[in-house]
Structure formats: structure tokens, C-alpha cells
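Working notes, structure below.
Here, each number is a calculation from the coordinates, and none is a lab measurement. Not measured: the values here are computed from a predicted model. Glycine also receives a Cβ, built like all others from the backbone with ideal geometry; neighbour counts cover every protein chain displayed.
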Amino acid sequence: MNLTLKVWRQVNPATKGKMVSYHVTDVSPDMSFLEMLDVLNEQLILDNDDPIAFDHDCREGICSSCGLMINGIAHGPQQTTTCQLHMRSFSDGDVIDIEPWRSGGFPVVKDLVVDRSAFDRIIAVGGFISAPTGTAPEAHSTPVPKRDSDAAFDAATCIGCGACVAACPNGSAMLFTAAKVSHLGLMPQGQPERDARVLTMVAQQDAEDFGGCTNIGECSAVCPKGISMETISRLNHDLLGALRAGAVPAS
Amino acid sequence: MAVSGIIMVLFLIAHMIGNLHVFQGAESFNDYSEWLRTFGEPALPPRTLLTVIEIVLVVSVLAHMWAAYSLWAQARRARPVAYVSKKRVQQSFASRTLRWGGTIILLFIIWHLLDMTFGAVNPQGTDSSPYDRLVASFQNIPITLFYVVALVLLGLHLRHGIWSATQTLGQTNKRRERSVNAIAIVFSTLLIAGYLVVPAAVAFGLVD
């Protein structure tokens, strides 16, 4: 099939970007979206043009590197990662808009590549537990209710791709932070830091130029891992608990 | 946002039930209005109940507006460059109209106070009884339409607000999600219907 792509081109963070049109021919419906971009880039290189910069790594839907706004929807028309989106989701002659994630917390590096280190900083302030190192402890010595372990595992499937921020009308990172807070807060191993974790992670999120959550739900609808809005309620529950307990983040 | 919203919802329930006195006739409605002013007398000074309600409501409205403004300002900072194309995936009409709806509701409240409380913009003028003011306003089609539009927006505001407040207070989970949304829809519809029967009754001549 033949497609017209309108791609955001931006040379560096300081310059203004714009949408540029490209034509791609002979696209197989079995190609992934990223393979289709590879084909376009080979064409551009042959034409002595600058290839389009985009993030990608595992191409198996697990590493969270790829992430594009495709026709105004984070990761495109399927609820999956961009690398797992196939060209059979489009038809011959389609015009496809491709943009980077847009957020104050995710500055554009080049073209479709954004700097997502804000997520790393949110994890760094609270996404850990204190555990003794050495031999692995006997697993049965710390029982975890099945319901809690299931909910914690659902939250832990968050790969941190940033689609939630990209899709949110407020540009909020709440679903990401909530997934991390829920994941550790539900496990017995996560209890010692539970109050301090939610306070520091929410404070870091606010410091990163992300918006505030108004529970619209766009984030969960585009999340490739289907992280539920329940996690946001859980974060708020923990936050109110921590504030009531007068918890002070450990320095 | 959630706490100030809940306080205002409690007031809205009481206000809606109070309005229904209109169906018991002019005397009952005016007596109810008088009772609100003289509640607790002679143990309490006049207007004690009303003054307490007014203070609580003013504080709630200001807190709600401040929270809404902060969220709006934060959202603007959070997306300095707009998308060229952006599609909605699942957001409700109610969640999308929250900010403009809230602004229109604020303007409506100002009008409503000038109309029904002070009578300044009421066709009956300032020295009329509450019942006369109500009937006079709702016999005027443009005023009635404004009331209807504002109340429908208020209903949408509550439909999203009740769900959002439940989330903010950390009381939602996967199993409750559907029932919380169902309750939000049913409650908003019933509340707004309770308000709208009054102008409808005047417009159709059941109350005059």
C-alpha cells in the first residue's frame, strides 16, 4: 500500500519544528509501524536527506522506548505499543500524522524523540524498597494475599512509555506515578516507605512540569498495558493516609 | 476540589427539596423562606442558619475556584506546544465541559442571586415575595431558558464531579468503578430533574 506521512521534524530542542509530508510506497500490511518508518528512513538516506529520529529498542512491546502520537492517538489506533502496531491497521492511501509526545515534562530532543528522564527522576525518589541483600529469602516467609499480588502485578506491568502523559488533556503523569505507588504499596516489602514514597513521588511529579489529574481517563484508554484508573484512586488513598499520619519524607 | 464539591452538593440537595414547597402554594413557599430566616429564634439571633450556610458556601466556592484555576494553570504549563492532531479516545462530554461549564455556572449563580435573592434583576423588583419573584422569572422565556441551560450544565458538572471526587478521595476500585459512574449519572439526573420541575410547572401554567 502507499501512504502519505506528515511527520514532525525538529532539528534540536531550541529550534521550532514543523510537520513535513513524505510519501512511502510498497508498504506491506505485515510491517510494523516502526519498520514502515525504517523503510522511509532508508529512502531519505538514499536521497541524502536527514533520516527521521525516533526512539525504539526491543520492538517486542516491553522496553517502553517507542512511543508516537499517530493520528492524534498515543501509540495509534490499537491499544498497544507503537512497535506492536502493524500497517494492516491502516489502508491504502491513508494520510498519517506522526508527532512526538507533547508535555512540558518531555522536552523534544529531535524530531520524534523526547527526553523522558522525568520518569526516571520520579522513580528515583520513591520507587524502591529497603531489603537486606545477600541470599534470596525464603519466599514463603512473607505471605502475600492473592488479591494484593494480582493488583500489584497489574500495576507493575507499567513499562513507563509515557503514553498516559501524551494522551492526557491536562498533560498529567498521574497514571504512571500511581502505577509505581500501587505496585510497591500493595506488597508487604513496600510498607516501610509507603507513606514517604507517595509524598516524594507526587512532589517530584509536580516539579517536572506535568499537569494535575482530573480523572478524565484518556490515559488508561491508551495505556498499552491497560493500567486501570483504580491505581489513581489507590495513590490518592495512600496520599491522604500519609498526610493524615503527618508523614515526613525521609531525607 | 472534592471536599468543597461535596459541601456544595449537600447544599444543592437541600435547595432542591426546599424549592418543591412551591407546589404547596404561595403561602407555604413564603413561610419556608421566612422559616429559614427565623430558624432557632428566639434562642438564636435572626438569620443565624442562613449566615452559617452562606459563609460555608462562600468558602467552598472560593476553594473550588482556586483549585480549578490551579489545575488549569498547571495543565497549560504541562503542554507548551499543542498537538497538530489530537483525538479523543474515551473522555466523556461531561469531563470536557467541566471548566467552561463551571465558569457558566458561576455567572449563573451571580444572576440567580440578583434575581431571586435580591430581586435586583427580577421583573417584580426588590420588594416582592419570594414566590412572586419565582413566578415572574419563570414566566419570562429567555430567563427560563438560561436557567435550564445552566442547570443542565450543572448536571454534567456533577456527573463527572461525583466520579472524580470519589477517585480523589481514594474510594474507587475496579469493582466499584461502574457503580460509582452509574450513581453519578442517576444522582445528577434526579437532582436536575428536581430543579427543572419548578420552571416547567410555571411555564406550563401549573403554578402561577
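For the reader, a short list of remarks on this structure follows.
- Under 10 Å, Cβ to Cβ, from A:ASP154 - net charge with Lys/Arg +1 and Asp/Glu -1: 0
- Each pair of Cα atoms in the protein assembly as shown enters the Kirkwood radius, and Stokes-Einstein at 4 °C and 1.567 mPa s then converts it into a translational diffusion coefficient of 51 µm²/s.
- Averaging the sequence gap over all C-alpha pairs within less than 8 Å and six or more residues apart, then dividing by the number of residues, gives chain B a relative contact order of 26 percent.
- B:THR103, A:THR82, B:THR168 arranged by Cβ crowding within 10 Å, fewest neighbours leading: B:THR103, B:THR168, A:THR82
- Whole-angstrom Cα spans of region A:3-110 along principal axes, big to small: 37, 33, 23
- Within a Gaussian network of chain A (alpha carbon springs, distance under 10 Å), most fluctuating of A:CYS63, A:CYS83, A:CYS168: A:CYS63
- Cut-off 14 Å, label 7 Å out along Cα→Cβ of B:ILE109, residues of region B:58-89 by amide N: B:58-69
- Percent RCO, i.e. relative contact order, over chain A, from Cα pairs under 8 Å lying at least 6 residues apart: 19 percent
- Eigenvalues of the alpha-carbon gyration tensor of region A:117-244, scaled by 5 and square-rooted, set the equivalent ellipsoid semi-axes at 25, 16, 14 angstrom, largest first.
- Cleavage-rule hits, GluC sites (Glu not before Pro), region A:19-128, DSSP coil, Cβ neighbours within 10 Å at most 15: A:GLU60
- Overall dimensions of region B:39-153, expressed as equivalent-ellipsoid semi-axes from the Cα gyration tensor (√(5λ), whole Å, largest first), are 37, 21, 11.
- Pairs beyond 32 Å (Cα-Cα), from A:LYS110/A:LYS225; A:LYS110/B:LYS87; A:LYS16/B:LYS87; A:LYS6/A:LYS225; A:LYS146/B:LYS86: A:LYS146/B:LYS86
- Rounded to two decimals, the Cα-based Rg/Rh of chain A, with Kirkwood Rh, is 1.04.
- Neighbourhood charge, 12 Å Cβ-Cβ cut-off, centred on B:PHE29 and excluding it, Lys, Arg +1 and Asp, Glu -1: -3
- Spatial offset of region A:1-28 relative to region B:89-157 amounts to 49 Å, using the alpha carbon center of each.
- Axial C-alpha extent at least 18 Å, average Kyte-Doolittle at least 0.5 - helices from chain A (DSSP): A:33-46
- Chain B: radius of gyration over Cα atoms, expressed as a fraction of 2.2 N^0.38 Å: 1.16
- Computed over chain A, the per-residue total of -39500 (n - 2.57) for DSSP H runs of n ≥ 4 gives a 222 nm mean residue ellipticity of -10500 deg cm²/dmol, rounded to 500.
- Leading residue at positive end of dipole, the protein assembly as shown (Cβ point charges), from B:LEU98, B:PHE39, B:ALA67: B:PHE39
- Each Lys or Arg adds one and each Asp or Glu subtracts one; over the other residues with Cβ under 15 Å from the Cβ of A:ALA247, this totals 0.
- The alpha carbon centroids of region B:39-58 and region A:193-251 are separated by 40 Å.
- Structure-based [θ]222 nm, chain B - -39500 (n - 2.57) summed over DSSP H runs of at least 4, per residue, nearest 500: -24000 deg cm²/dmol
- Taking amide H as placed 1.01 Å from N in the peptide plane, A:GLY211 has its amide H under 5 Å from the amide H of A:SER172, A:ALA173, each at least 5 places away in sequence or on another chain.
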